[in-house]
Amino acid sequence: MTVKRVVLDTNVLISYSLTPNGIAGKVSDFFIEQGLLLFSQETFAELETRLWRPKFDKYITLEQRKSILHDLDMIALWVEILTKTSYSRDPDDDKFIETAIAGKADFLISGDSDLLDLGTIEDISILSPRQCWEDCCAN
């Protein structure tokens, strides 16, 4: 079996952090165990910024957040974005596409309709966590 390379959007990783037994958690665990997570400085910075928001204080401790960020940092394949793109309706989402392209990802997993509506870019399938689970992980 070929190891699949994947970019997990921030919304998927936040869902994983808050509800690890949910579908985003199952997909994240699958790729952590059997795939290769791709990050760029830009995508990791967004995750850090979002995960530290006070609105998550009642759901996840500061220690848990530190642990999640540390663990993801240690297992990730880090890529450098060399080419800027303009694919998404939301320019803030382009960093995920750029990371996927730079890392030669097989999948970009997101819950964001601005990305999901794109379908496929440069042979990279953009899937929701549920689509990914049903099509790629549950078999």
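For this structure, a couple of remarks:
- Taking the criterion of being closer than 20 Å to Ile101 by Cβ and over 16 Å from the mean Cα position of the chain (by Cα), the residues of the stretch 66-87 that qualify are Leu82, Thr83, Lys84, Thr85, Ser86, Tyr87.
- Inter-residue pairs, beta-carbon under 8 Å, first crowded, with 17+ Cβ neighbours inside 10 Å and in the stretch 82-109, second at pLDDT below 90 and not in a loop (DSSP other than H, G, I, E, B), 6+ apart: Phe107/Cys136
- Residue check for Ser67: small (Gly, Ala, Ser) and under 18 Å from Leu116 (Cβ atoms): no
- Selection of the stretch 1-16 for residues being modelled with pLDDT of 95 or more and either under 16 Å from Ser125 (Cβ atoms) or touching a Phe, Trp or Tyr at 6+ places or on another chain (Cβ under 9 Å) (or both) yields Arg5, Val6, Val7, Leu8, Asp9, Thr10, Val12, Ile14.
- Residue match in the stretch 1-8 (condition: in a helix (DSSP H, G or I) and out of contact with any Asp or Glu (no Cβ under 7 Å at 6 or more places or on another chain)): no
- First in the stretch 48-61 and of a type in the set (S, T, N, Q), second anywhere and surrounded by 14 or more Cβ atoms within 10 Å (Cβ to Cβ), Cβ under 9 Å, 6 or more apart: Thr49/Thr10
- Residues that are of a type outside the set (D, E, K, R) and at pLDDT 95 or above, drawn from the stretch 82-97: Phe96, Ile97
- The set of residues from the stretch 110-135 being touching a residue at least 40 places away in the same chain (Cβ under 8 Å), farther than 19 Å from Pro20 by Cβ and assigned to a helix (DSSP H, G or I) comprises just one member, Leu115.
- Every residue from the stretch 33-56 that is of a type in the set (Asp, Glu) and modelled with pLDDT of 95 or more: Glu42, Glu46, Glu48
- Note on the stretch 88-104: residues that are closer than 14 Å to Asp123 by Cβ, within 13 Å of the chain's Cα centre (by Cα) and outside any loop (DSSP other than H, G, I, E, B) total 2.
- Counting the residues of the stretch 14-60 that are farther than 24 Å from Lys104 by Cβ and assigned to a loop (DSSP other than H, G, I, E, B) gives 10.
- Boolean, Asp123 is out of contact with any strand residue (DSSP E or B) (no Cβ under 8 Å at 6 or more places or on another chain) and surrounded by 17 or more Cβ atoms within 10 Å (Cβ to Cβ): no
- Residue selected from the stretch 5-54 under the condition of a type in the set (D, E, K, R), within 29 Å of Thr83 (Cβ to Cβ) and touching a helix residue (DSSP H, G or I) at 6+ places or on another chain (Cβ under 7 Å), by the criterion surrounded by the most Cβ atoms within 10 Å (Cβ to Cβ): Asp9
The values are calculated or read from the model by the stated rules, or taken from the named source; none is laboratory data. Since the model is a prediction, treat every value here as computed from it, not as a measurement. A quick note on method: Cβ atoms are made from the backbone with ideal geometry, for glycine too, and the neighbour counts reach across all protein chains shown.
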